[in-house]
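Here the structure comes first, spelled out in structure tokens, and everything after it is commentary.
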Amino acid sequence: MPPRKRRRTSTPRSKAFSVVHPRTPAAKSFAKNHLGPFVKCSAAGLLKQYEIVTSHGGLVLLERREINGRRRSERRSDLCVYHPMTGDRAFFPFPPDIRRDALNGAVHTYVVVTAADGIGCHFMLLAADMTSLLDCSTTVGVQTASSDASGQWGPVKYVDHHGGQLFCLVDTYNSAVVLRGVVHWLMHCDDDVLTYDVVTGTARTIGVPYGLRPPKSRYSL
């Protein structure tokens, strides 16, 4: 009796991300529709330890899932900038001067900026502390780490966006948009967009064009 051939079973693309819980709708869509074919074979183990936070310009930002039980040496790799096409990875600790404890009211977000945005290096990881906006402040804390920084974060910078409504939070549930080196965050109220220029280090608010403004109910807190 001839030996029975072993059947090869293919895993559906959605199953490849059964362990992944992306934080934003944009990250979820990217994970399901674009990232799956590349990480299934080459970095499946990576996604068991990390979850997808955001992506931009072909790079994906991952954050360690379990931080309470990690070893002290693993604190240097709590964040990972991953290139799914080449498999390249760059690791960073959490930004030391950005408040991240949501249980204590902290509001923060991450953005990946790439060389195509005119920053002069392969990529830059930006962390923004929006917590002070809860206290009717217009100041935002920004801390960055670049691909040339050997996994080190630069000093935190506090910038004033000079405008917009007080007590108005940035919509951190949806990913920021980066255009020519300027990061754009949609705000929850007043039809405003908070912007930060990574080259000049300045922030300001701009209005959403009237014809593109969604219903007011979408911005209610």
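Does VAL113 count as modelled with pLDDT of 85 or more and within 13 Å of the chain's Cα centre (by Cα)?
Values: modelled with pLDDT of 85 or more: yes; within 13 Å of the chain's Cα centre (by Cα): yes.
So VAL113 passes the test.
Given the condition surrounded by 13 or more Cβ atoms within 10 Å (Cβ to Cβ), modelled with pLDDT of 90 or more and under 14 Å from THR139 (Cβ atoms), answer yes or no: does some residue in the range 167-181 qualify? Scanning the range 167-181 turns up no residue that is surrounded by 13 or more Cβ atoms within 10 Å (Cβ to Cβ), modelled with pLDDT of 90 or more and under 14 Å from THR139 (Cβ atoms). The residues listed here are SER150, SER137; of these, the one that is modelled with pLDDT under 85 and within 29 Å of ASN104 (Cβ to Cβ) is SER137. Within the set PRO95, PRO84, the sole residue that is buried (at least 19 other Cβ atoms within 10 Å of the Cβ), at pLDDT below 90 and either of a type in the set (Asp, Glu) or not in a strand (DSSP E or B) (or both) turns out to be PRO84. Look at the range 70-83: where a residue is among the charged types (D, E, K, R) and a partner is modelled with pLDDT of 90 or more, sitting 6+ places away or on another chain with Cβ atoms under 7 Å, you get ARG75/PRO93; ARG76/PHE91; ARG76/PRO93; ASP78/GLU63; ASP78/PRO93; ASP78/PHE94.
Only a single criterion out of (1) more than 21 Å from HIS56 (Cα to Cα); (2) touching a helix residue (DSSP H, G or I) at 6+ places or on another chain (Cβ under 7 Å); (3) buried (at least 19 other Cβ atoms within 10 Å of the Cβ); (4) not aromatic (Phe, Trp, Tyr) is not satisfied by LEU133, namely (2). In the range 169-197, the residues that are more than 14 Å from VAL107 (Cα to Cα) reach residues that are among the aromatic types (Phe, Trp, Tyr) and surrounded by fewer than 19 Cβ atoms within 10 Å (Cβ to Cβ) with C-beta atoms within less than 6 angstrom, at least six apart or across chains, in these pairs: CYS189/TYR219.
The values are calculated or read from the model by the stated rules, or taken from the named source; none is laboratory data. Treat the numbers as computed from the prediction; the structure is a model and nothing was measured. Ideal geometry is used to build each Cβ from the backbone, glycine not excepted, and the neighbour counts take in all protein chains shown.
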